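The next block holds one structure in the form of structure tokens; read it before the comments.
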Amino acid sequence: MLSDGRDAIDLLLDSALSSYVAAKPSAGLEKRVIKCCRPAAPKKPLFTLPNWIWSAAAASAVCAIIVAAAWIPSISTSIFGVDSPSLILPRWLESIEATQFSTSIRESSFFFPFLDVMHVIGLVLMLGPLMMLDLRLIGVLWKSSRVSKIATKFIPLALAGFVIVAVTGGLLFWAKPLAYYGRFYFRLKVVLMVLAFLNALIFHATIERKIAIWDNTLPPPPRARLAGVLGLVLWTAVVFAGRFMAVEP
Amino acid sequence: MDLSLANLFPGLEPLFRWCAQIPIGEYLNRLSWAVTVIQTIHLLAITVVLGSILLLNLELLGILRGFDASQLARTLSPFVTRGLIAVMLTGLPLFLNSPMRYFENAAFGPKILMLAAALAFHYTLYPRASGKPIASKCAAILSLLLWFGAGAAGRTIGWS
């Protein structure tokens, strides 16, 4: 905190904003200014998170990595020299696999492949818009549109895709819990997904709350660009882990 | 109903036999993870192509409001083309790994035919439909069906 109550991020954003104003706005933005007669009213957020939330989220990311190191079998063996305790498959997985529903999905020659195909289609629906939003946050694509506009248009699409991925993925796991739970890449994928969600949570809780300041700024502030890069890297890694999980013996 | 290329176009067999001679499989199978890595890059490239196609068509259908149609097309068209190049560059080694398996696969035939139809439609009739209210909506629905149908059939290859 500085003496006038502003922190370093605020100063950084101010300097980025003034350099943007000094530069000539791009053609697309000029057009936009002519089109809309009055500035859009600031949207009231559904809820606001306290300022310390980002450090809590970062701390839980560190905890997630430590738990992951103990939970993922080969990592726990090589780092701690002990077998992961969770290698003993929990009783509840056996009771899932014994249910009628699980058995009927597993033995269906049509429904299980259908779920797998829909899982991939849902993945495309989710990651297409999400990666474009990440590219806007980095400042590569959609440069003539505001970040808030890209976010409000693309996040619902990504959420729709996520619902498909979550439902089909949940059913696929429900069908073969014992087979998947012990796999290295399954656990890696879960950990990477948790990290991707934490990345999104940190972004929404911190830098996105000041979006009115940097909505049109190019390049976007470093924290927003970091969130974009992390989003791209983590979701790509999730896709890799998912593919490797499917072929793991 | 067998929709494999072996059943639909039996005359193509010499071409597939010639492809099967190319010894790319030997190199790919030396590394156990090579095929999986190429498959994942193939999938990510498909995500780029289908994601762009999805946004273009949602704009045509009037669901994705607030974007300038020409700006959207200018931003996304290069991604469709570059994504397709990446899809083909990764798809080719996967195909050459075992051409006869794909020749007899019941899902590969529909996939290739739908992909060919989608490509032909996308680069000929599709750009002309923009601006006409009814034609553009029909074109958007047909485009979505062809592209996502090709994607779904592609994943079905592994299950048939």
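When you look at residue B:151, is it outside any helix (DSSP H, G or I) and either at pLDDT 90 or above or on the phi > 0 side of the Ramachandran plot (or both), yes or no? Spelling it out, it is not the case that residue B:151 is outside any helix (DSSP H, G or I) and either at pLDDT 90 or above or on the phi > 0 side of the Ramachandran plot (or both).
Please work out which one of (1) touching a residue at least 40 places away in the same chain (Cβ under 8 Å); (2) surrounded by fewer than 19 Cβ atoms within 10 Å (Cβ to Cβ); (3) away from chain B (no Cβ under 11 Å) is the condition residue A:112 fails and give its number. So residue A:112 meets the others, but not (3). Flag: residue B:125 does not match the condition of being within 14 Å of another protein chain (Cβ to nearest Cβ), of a type outside the set (Gly, Ala, Ser), exposed (fewer than 15 other Cβ atoms within 10 Å of the Cβ) and more than 24 Å from residue B:13 (Cα to Cα). Here are the criteria: (1) at the interface with another protein chain (Cβ under 9 Å from one of its Cβ atoms); (2) more than 21 Å from residue B:152 (Cβ to Cβ). Tell me which single one residue B:27 does not satisfy. Result: residue B:27 passes all but (1).
Out of A:90, A:42, report the one residue that is touching a helix residue (DSSP H, G or I) at 6+ places or on another chain (Cβ under 9 Å), modelled with pLDDT under 80 and within 30 Å of residue B:71 (Cβ to Cβ). Show your work before the answer.
Details: A:90 fails: within 30 Å of residue B:71 (Cβ to Cβ).
Among A:90, A:42, only A:42 is touching a helix residue (DSSP H, G or I) at 6+ places or on another chain (Cβ under 9 Å), modelled with pLDDT under 80 and within 30 Å of residue B:71 (Cβ to Cβ).
When each of B:72, B:54 is tested for being at the interface with another protein chain (Cβ under 10 Å from one of its Cβ atoms) and free of Cβ contacts under 8 Å to residues at least 60 places away in the same chain, the lone residue that passes is B:72. Taking helices (runs of 4 or more DSSP H) that do not extend beyond region A:169-245, which have at least 1 residues that are hydrophobic (A, V, I, L, M, F, W, C) and without any contact (Cβ under 8 Å) to a residue 60 or more places away in the chain? Helices (runs of 4 or more DSSP H) meeting the threshold: A:177-181, A:184-205. For residue A:247, the requirement of being surrounded by fewer than 20 Cβ atoms within 10 Å (Cβ to Cβ), hydrophobic (A, V, I, L, M, F, W, C), more than 19 Å from residue A:135 (Cα to Cα) and more than 13 Å from the chain's Cα centre (by Cα) is met. Could you tell me whether region B:94-101 includes any residue that is touching a Lys or Arg at 6+ places or on another chain (Cβ under 9 Å) and at pLDDT below 90? Looking through region B:94-101, at least one residue is touching a Lys or Arg at 6+ places or on another chain (Cβ under 9 Å) and at pLDDT below 90. When the residues of region A:199-223 are filtered to those that are hydrophobic (A, V, I, L, M, F, W, C) and more than 11 Å from residue A:9 (Cβ to Cβ), the one that is surrounded by the fewest Cβ atoms within 10 Å (Cβ to Cβ) is A:212. Across region A:141-165, the qualifying residues are those that are out of contact with any Leu (no Cβ under 8 Å at 6 or more places or on another chain) and either within 11 Å of chain B (Cβ to nearest Cβ) or among the aromatic types (Phe, Trp, Tyr) (or both), and the one among them that is nearest to residue A:239 (Cα to Cα) is A:162.
Given the criteria within 14 Å of another protein chain (Cβ to nearest Cβ), in contact with a helix residue (DSSP H, G or I) (Cβ under 7 Å, 6 or more places away or on another chain) and free of Cβ contacts under 8 Å to residues at least 60 places away in the same chain, does residue B:154 qualify? No; evaluated as a whole, the condition is false for this residue. Within the set A:228, A:182, A:161, the sole residue that is farther than 20 Å from residue A:138 by Cα and modelled with pLDDT of 90 or more turns out to be A:161.
The values are calculated or read from the model by the stated rules, or taken from the named source; none is laboratory data. Keep in mind that what you see is a predicted model, and the values were worked out from it rather than measured. No Cβ is skipped: glycine too gets one built from the backbone with ideal geometry, and neighbour counts run over all protein chains shown.
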